[in-house]
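Take a look at the structure below.
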Amino acid sequence: MKNIAFRNIRNAFFLAVFMQISGCAGNVREESADTVAERVKHVSTANKQGLAWLAPYLHLSHYRTLFYGYDTVDYRLAAPETTAKGGFRLLFDASYGGNLRHYDLARFPDLSTRVISHRQHDVERCQLFNYMISSCLYRDLFSLDLSRSDLENARTSGLQILLSSGKQDYERINLPANYIQGFLKASSTSKAKQIH
C-alpha cells in the first residue's frame, strides 16, 4: 500500500512539473480577453462533434482522501465553424473518486436548469483503500449546449453554472467574463491558431 501511495505522489509531482514546463499551468482565468482569444484554437477539420473552435481549458480541483489525489473538472468553450447561428458548447472532462456521480443537469443563476449531454463514462480503476474501503476512480465526458445570447449576456459578469444530478449538487463552474469575451472574439474571426 505504501508503494501505491508513493507512486501516486511521484506521478502527481511529475504531472505538476510537466504542466509547468508545457505552459499549461498558466491561469487562464486571470488573462486578458485578447490573450484568451490568442489561445483559442481553430481546428481545420471539425471534430466528430462538429466543433472547430476550442478555447483553452479551465481547471477545477478538490482534494480527495481516497487514492491520495484530486477530483478534477477540466472544461472549455467550443463552437462550430460558423457561430452566427450559435451552437456553442461547454465541454467537460471530470475525473473523480468515491461514489458514482450522475451529471444530469446544469443549474443557472436564475435557477433554470438544462439537461447535460453525456458522451462517455469510464471506470478508470477500483481498489481497496487502507485494507477496509473499496472505491473506484471514474472519468466522465459530457457537454452543455449554450446559445449565443447565453454568452452575450455573460460578457460583462461571467457565467456561473452548478453541475447537479437533480438530487445532489456537485461542482460550481465559473466562466469568467474575460474568458467569454476572448472566445467570442476569436470564434468570430479567423486569427485563431490552426491545428492540422
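The values are calculated or read from the model by the stated rules, or taken from the named source; none is laboratory data. Because the structure is predicted, anything quoted here is derived from the model rather than measured. Reconstructed Cβ throughout: ideal geometry from the backbone, glycine too, with neighbour counts over all protein chains shown.
A few notes on this one:
- Residue that is nearest to the chain's Cα centre (by Cα) [pool: residues in region 125-162 that are closer than 16 Å to N99 by Cβ, in contact (Cβ under 8 Å) with a residue 60 or more places away in the chain and surrounded by 15 or more Cβ atoms within 10 Å (Cβ to Cβ)]: L137
- Among residues of region 91-103, those that are modelled with pLDDT of 85 or more and either touching a Leu at 6+ places or on another chain (Cβ under 9 Å) or hydroxyl-bearing (S, T, Y) (or both), counted: 9
- Region 163-193 - residue that is in contact with a Phe, Trp or Tyr (Cβ under 8 Å, 6 or more places away or on another chain) and among the hydrophobic types (A, V, I, L, M, F, W, C) and, of those, surrounded by the fewest Cβ atoms within 10 Å (Cβ to Cβ): I173
- Checking each residue in region 101-151 for being touching a strand residue (DSSP E or B) at 6+ places or on another chain (Cβ under 8 Å) and in a loop (DSSP other than H, G, I, E, B) picks out R101, Y103, D104, F108, P109, I116, S147.
- Condition check for H102: more than 17 Å from Y57 (Cβ to Cβ) and under 15 Å from the mean Cα position of the chain (by Cα): no
- For region 68-90, the criterion of being modelled with pLDDT under 90 and over 26 Å from P176 (Cα atoms) is met by at least one residue.
- Of all residues in region 90-103, those that are more than 19 Å from R114 (Cβ to Cβ) and surrounded by fewer than 17 Cβ atoms within 10 Å (Cβ to Cβ) have Cβ atoms under 7 Å from Cβ atoms of residues that are at pLDDT below 95 and not β-branched (V, I, T), 6 or more apart or on another chain, in G98/R64; G98/L66; G98/S135; L100/Y138.
- Members of region 71-85 that are in a loop (DSSP other than H, G, I, E, B) and either touching a strand residue (DSSP E or B) at 6+ places or on another chain (Cβ under 8 Å) or crowded, with 17+ Cβ neighbours inside 10 Å (or both): P80, E81, T83
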